[in-house]
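Working notes, beginning with the structure itself.
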Amino acid sequence: MTYEEPEDSADPEPPSSASAQHPALAGWSTADERSFWGFHDDRYKPYLHFAYKQLGSDADAEDAADKTFDEIMNNWQRMLGMENLPGYAWSILKSRISDQRRKRDRQALPTDLSAFAAVVDGRDDFAAVHGRLQFAQAIEHLSERQRDAVILRFGLDLDTAAKSVECRFRPFLGRGLATAPTPAKAAKLIRRRLQSLLKQAGRVRGIQGEAERLHEVFSRDYLHQLPQVEAALGHQTSALLRQLDTACDNADQLEEAVTQAFEEHPDAPVIRSFPGLAALTGARVLAEIGDDRTRFATAGSLKAYAGSAPVTRASGKSCKVMSRKVKSQRLAAVGYVWAFGALTRSPGARAHYDRRRAAGDRPVAAQRNLFNRFMGMLFHCLQNGHPYDEEIAFPQASAGPKAAAA
């Protein structure tokens, strides 16, 4: 993904409070502010990724995501009382994406599959089976909620629990569809069978209550397709589930192979020492930058290749600092994941990110700034064979607790 927005190289002083920057926060309690920013940090990146895959434009995707959270912020205190807050937020995102599509004179289809096709095409673990399985054609006939669940789970890397909350689905979805792929078969499931399926799906608490709720939902009267049509759609759903299981098995095997190959490389200990880098993300970084120490003469050239270093455009009295557009897309993509994962594993990284956010940077710009700093550290560590050291990387953050203790 690429973004073009002003980015300062220095770290200005943060404002006195978050409310000073966001008038909508005026009158909020501390608990409300913390809950909103926690939701923002948890959902912004997947929402932005989904919007980009739907719209195919950096600016439109960022605009849709920002407008989504602006609306969420304006209604946050009311949303706190909702039973399904994440589901409501997800509906706001889809509405803002539709608005962006209409602005560009593109038909706003609620069943548009360009997002899933783009996600699948861009991921190595699905590329080998995408042509054979033809996911897009199969998913096209699913309902909107089912398609959302597939995109969230297999396209945006949200786990089963997160996916179930977003789309009002439970982890029981896969096993339930495999057992009863049609409404008629679902209506015949007895409570004991539903409890068994919930346990097989990993449910631990509230099994009896959830089984009662599902039994009541499945027993309601709904409009049905013709029996033959309903049966055909049930076969299609079962086939799609088997295809997804095959893709997941292939992805798991590829993950094991990549992890094993990465751990055997001599640069793996240095790369893994950085906060936020695990086996798969570390393998992607190593694959993109290589192990030839003469490939990048300076840390600046590595940063430029990764797209984390900004570009200065000057003409007359005009001077703008923009994000870099020509870069290694794969390395830039893993950079956001790296920076995001480091926030909970490195106090210095968290302090740096918070300082950039307080200075007015958007979350993506703050993550890119942190990624840029990590790339300079990685260049130095690989050149000298030294592992990452938190005290050297962020001396001010690491010295703070010691000074306070003294």
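Kindly evaluate Y388 against the criterion of being open to solvent by 50 Å² or more (accessible area, probe 1.4 Å), out of contact with any strand residue (DSSP E or B) (no Cβ under 7 Å at 6 or more places or on another chain) and not in a strand (DSSP E or B). So Y388 fails the test. Residue count for the stretch 272-292 satisfying the condition of being touching a residue at least 60 places away in the same chain (Cβ under 8 Å) and under 14 Å from G341 (Cα atoms): 7. Of the candidates R330, R313, R295, the single residue that is open to solvent by 80 Å² or more (accessible area, probe 1.4 Å), more than 19 Å from F374 (Cβ to Cβ) and either outside any strand (DSSP E or B) or without any contact (Cβ under 8 Å) to a residue 12 or more places away in the chain (or both) is R313. Criterion applied to A339, A365, A333, A306 was being over 18 Å from E62 (Cβ atoms) and among the aliphatic types (A, V, I, L, M), and the one residue passing it is A306.
Return yes or no: is G360 open to solvent by less than 30 Å² (accessible area, probe 1.4 Å) and either part of a helix (DSSP H, G or I) or over 19 Å from T281 (Cβ atoms) (or both)? When the stated conditions are applied, G360 does not pass them. Cβ-Cβ contacts under 7 Å between residues 6 or more apart (or on different chains), taken from a first residue in the stretch 66-86 that is closer than 14 Å to W28 by Cα to a second residue that is open to solvent by 40 Å² or more (accessible area, probe 1.4 Å) and among the β-branched types (V, I, T), are absent.
Within the stretch 227-234, is even one residue charged (D, E, K, R), open to solvent by less than 30 Å² (accessible area, probe 1.4 Å) and more than 26 Å from the chain's Cα centre (by Cα)? Scanning the stretch 227-234 turns up at least one residue that is charged (D, E, K, R), open to solvent by less than 30 Å² (accessible area, probe 1.4 Å) and more than 26 Å from the chain's Cα centre (by Cα). Which residue is farthest from the chain's Cα centre (by Cα), if the candidates are limited to the stretch 337-354 and must be open to solvent by 70 Å² or more (accessible area, probe 1.4 Å), of a type outside the set (S, T, N, Q) and closer than 18 Å to W37 by Cβ? Out of the qualifying residues, it is P347. Only residues that are more than 23 Å from the chain's Cα centre (by Cα) and open to solvent by less than 20 Å² (accessible area, probe 1.4 Å) were counted in the stretch 271-292, giving 1.
One residue stands out in the stretch 186-202 among those that are in contact with a helix residue (DSSP H, G or I) (Cβ under 7 Å, 6 or more places away or on another chain) and more than 24 Å from Y222 (Cα to Cα): the one that is most open to solvent (accessible area, probe 1.4 Å), namely K199. None of S301, S318, S346 is among the polar types (S, T, N, Q), on the phi < 0 side of the Ramachandran plot and touching a residue at least 40 places away in the same chain (Cβ under 8 Å) except S346.
Looking only at residues of the stretch 237-285 that are in a helix (DSSP H, G or I) and hydroxyl-bearing (S, T, Y), we find that the one that is nearest to F371 (Cα to Cα) is T281.
The values are calculated or read from the model by the stated rules, or taken from the named source; none is laboratory data. From a predicted model like this one, the values you see are computed outputs, not experimental measurements. Virtual Cβ from ideal backbone geometry, glycine too; neighbours counted across all protein chains shown. Heads up: the accessible areas ignore ligands, DNA and RNA and are worked out on the full protein's heavy atoms, side chains in. Shrake-Rupley method; radii C 1.70, N 1.55, O 1.52, S 1.80 Å.
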